[in-house]
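Worksheet: the structure to be examined is printed underneath.
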Amino acid sequence: MGYQQLSLLENTSTVSPEYWVNQHNTLLQTPNNLTIQERRIIYTLASLIQPEDEDFQIHRIRVKDLADMLGIKEKNFYSKVSKVIKGLRNKEITIKTEHSTLEMKWLASSEYFDKKGMVELEFSRKMAPFLLQLKENYTPFKLRNVLQLRSEYSFKIYELLKQYENLKKRTFTIEELKYYLLIAPDKYKLYGHLKNKVIKKAQDELKEKTDIAFDFEEKRTGNKVTSITFYIKKNSQIIEEVLNDEKLNKDAYALLIRFGLKPSTAKKMVEQYSEKRIKRNINYVLTTKSKNDIDNISGYVYSAIIDDYVGVDDRKSDLEQRKVIESDTDKNIINENINENKPVEVVISEINEFIKGLNNFYSMLVQANRLTYEGKNIQIRKQLKPYLYKTLQSEINMDCLNTINFEDIHDATGREIFREVYNEVFDEV
């Protein structure tokens, strides 16, 4: 089944804790009354969405696989999973936007295939703006970070803090925090109870089980705690354990997924590069990447394979050995091979990742009221133009410039800026 996330066997969707969950921040910040098990199903189903999906797919999943994701070990797991899904089908969510109040079910349908041990699940169509084709103002995280959480409040606190991870802190009034966590005003009236039952419990769980951790500071008005500032940090201990426990006995596609690359990107890399090249560069990352320098481990793995960090070192060593015996002509041939331009599709993929990173960062600043939407676009343009100009001039063979399709740039604003830079570079050729 190789690199297909949807296996060919009976059109069954395979599930993995290494898949990514992407939610629009409007959905992430909306309170909901899902149980722990219902949340896990929603996260699992969301992790099966592909970046290129324009509509929700009906996903056929093995009930046993769902039971494993839910942590259900009993022999009657089928009836237990069925009960969870039935409860989820009856749950509604209310999402308030600037223009409307949307009330809907989470799921459009669920269908069981008893003799095959399968269930088909489908998101409600109205959920599309919050889960499909997300280009900005969304928060990604790996499924494994939430599957082991045992407190309903830990789930939501993880999401709320993950959204502000790059800003490194987030402040809530006590009323705001209770609103997001769907805690009734008359529950945990004493701050000490809220602190011990909710905040400190989430603090312990996130540190033990997820990729982020936090400290917090209380602000008092008189003798009463009125707001809390969470200081968010990378959980280096957990990330280091993941890296140290990783084995290179998986196939290349599985390893790329393991280190956070999207299925579509991993598929292209497996098609383009040998398994030996992929594995030797992942091994290089594992042995050289510091636990304190892993803000973007997936990006580091991606760059290592594309630029062939290990291969570059090997070729340099080989050149040194051959300098004595090679003629000047031979050296020039070798150098030409070493400095060969990247394929256009690889450069376009890197550009899309760069634009996505800019969008994510500045969208968070807008969300935190530290930047206006107009200011966001100005900053993106300011950083993107020189990057594109340098990339198009240095990374792509000039003869290939006219093969570029502007529609391959996913973000509309990024596409407009790309077109401007492209025209400038093309005029110079």
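Bear in mind that the values in this text are calculations on the coordinates, not laboratory data. The shown structure was predicted, so the numbers you read here are calculated from the model rather than taken from an experiment. Neighbour counts run over all protein chains shown; Cβ positions are idealised from the backbone, glycine included.
Suppose every Lys and Arg Cβ carries +1 and every Asp and Glu Cβ carries -1, with no other charges. What dipole size does the stretch 1-147 come out with about its Cα centre, to the nearest 20 debye?
Details: 21 positive and 18 negative charges, 138 e Å.
Around 660 debye, computed over the stretch 1-147.
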Task: Pairwise FRET efficiency - THR173 versus GLU52, Cβ, R0 = 56 Å, nearest 0.05 - done: 0.90
- [ ] Rank these for me by crowding, ASP211, ASP186, ASP408, going from fewest to most other beta carbons within 10 Å.
- [x] ASP186, ASP408, ASP211
- [ ] First measure r as the distance between the Cβ atoms of THR101 and ALA128, then evaluate 1/(1 + (r/R0)^6) with R0 = 22 Å and state the FRET efficiency to the nearest 0.05.
- [x] 0.80
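What is the local net charge at THR413, summed over the other residues whose Cβ is closer than 13 Å to its Cβ (Lys, Arg +1; Asp, Glu -1)?
Working: positive: LYS135, LYS356, LYS376, ARG381, LYS382, LYS385, ARG415, ARG419; negative: GLU136, GLU374, ASP411, GLU416, GLU420.
With Lys, Arg at +1 and Asp, Glu at -1, the neighbours total +3.
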Task: Förster radius 35 Å - calculated FRET efficiency between PHE77 and LYS382 (Cβ-Cβ, nearest 0.05) - done: 0.05
Open item on the list: Using the Karplus curve 6.51 cos²θ - 1.76 cosθ + 1.60 with θ = phi - 60°, what ³J(HN,Hα) values do you get for each residue of the stretch 70-84, in whole Hz, with x for Gly and Pro?
Closed with: 8, x, 8, 10, 5, 5, 8, 4, 4, 5, 5, 5, 4, 5, 5
Task: Cleavage-rule hits, trypsin sites (Lys or Arg not before Pro), the stretch 53-159, DSSP coil, Cβ neighbours within 10 Å at most 10 - done: LYS73, LYS75
TODO: Sticking with the crude label model, points 7 Å out along Cα→Cβ, report the distance from ASP215 to TYR373 in nm, one decimal please.
DONE: 3.8
- [ ] Return P(r) of the stretch 148-234 (all Cα-Cα pairs; 5 Å bins starting at 0; whole %; ordered from short to long distances).
- [x] 3, 14, 28, 28, 18, 8, 2, 0
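Net charge within 9 Å of LEU121 by Cβ-Cβ distance, Lys/Arg positive one each and Asp/Glu negative one each, not counting LEU121 itself? Intermediate results must be reported in sequence, preceding the final value.
Details: positive: ARG60; negative: GLU111, GLU120, GLU122.
In short, -2.
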Open item on the list: Taking θ = phi - 60°, what integer Hz values does the Karplus form 6.51 cos²θ - 1.76 cosθ + 1.60 yield along the stretch 113-125, in sequence order, with x for Gly and Pro?
Closed with: 10, 4, 6, 9, x, 10, 9, 9, 10, 8, 5, 5, 4
Task: Dimensions in Å of the stretch 90-177 - Rg and Dmax from alpha carbons - done: 16.5, 52
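With N denoting the number of residues in the stretch 1-147, provide Rg(C-alpha) divided by 2.2 N^0.38 Å, to two decimal places.
On the way: Rg = 15.0 Å, N = 147, 2.2 N^0.38 = 14.7 Å.
My calculation over the Cα atoms of the stretch 1-147 gives 1.02.
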